1. Can you name the residue in the stretch 70-102 that is outside any helix (DSSP H, G or I) and small (Gly, Ala, Ser) and is also surrounded by the fewest Cβ atoms within 10 Å (Cβ to Cβ) among such residues?
2. Being modelled with pLDDT of 95 or more and more than 20 Å from Gly111 (Cβ to Cβ) is true for just one of Lys5, Lys81. Which residue is that?
3. Taking the condition of being open to solvent by less than 60 Å² (accessible area, probe 1.4 Å), touching a residue at least 24 places away in the same chain (Cβ under 8 Å) and in a loop (DSSP other than H, G, I, E, B), how many residues in the stretch 43-57 meet it?
4. Restricting to the stretch 103-118, name every residue that is more than 20 Å from Gly67 (Cβ to Cβ) and open to solvent by less than 50 Å² (accessible area, probe 1.4 Å).
Amino acid sequence: MRRRKRRIRKADKMAMTDLLKAEEIKKALEAFAGETFDPKKFFEMVGMKAMSAENVKKVFQVLDVDGSGFIEEEELKFVLKGFSKEGRDLTDSETTAFLKAADKDGDGKIGIDEFEIMVHE
């Protein structure tokens, strides 16, 4: 009998609600619907600050849409949609500020360790 290798498909990717509570995500998105996005405050509101580094890195993997191991500026603009399809797009200035705050090595993208450090700062 031949064994088939299991391929990881996008459908197998973890959902944000597997890691965070839907009601906390909804409240945090509503809080930033009409005001300037503050990633540290948002991460605290959704419960990420209290999570282990391992689980924060799982959240990162959900947000890393293209699977590159980084959240690039193009992905960052849509980061709130990674938490919920109802999430709004970040403005250009919010995207730039978020990237500047998290990108510790100055390579223009956010790595998994940089993301975890920002969440727990």
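1. For the stretch 70-102, the residue satisfying everything is Ser84.
2. Criteria check complete, one pass: Lys81.
3. Final tally of qualifying residues: 4.
4. Met118
Here is a yes/no grid of residues against (1) at pLDDT 95 or above; (2) of a type in the set (Asp, Glu):
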| position | (1), (2) |
| --- | --- |
| Lys13 | no, no |
| Glu24 | yes, yes |
| Glu44 | yes, yes |
| Glu54 | yes, yes |
| Phe60 | yes, no |
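The values are calculated or read from the model by the stated rules, or taken from the named source; none is laboratory data. As the structure is a prediction and not an experimental result, all values here were calculated from the model. Glycine gets a Cβ as well: all are built from the backbone with ideal geometry, and neighbour counts include every protein chain shown. Please note that ligands, DNA and RNA were not included when accessible areas were found on the heavy atoms of the full protein model with its side chains. Shrake-Rupley method; radii C 1.70, N 1.55, O 1.52, S 1.80 Å.
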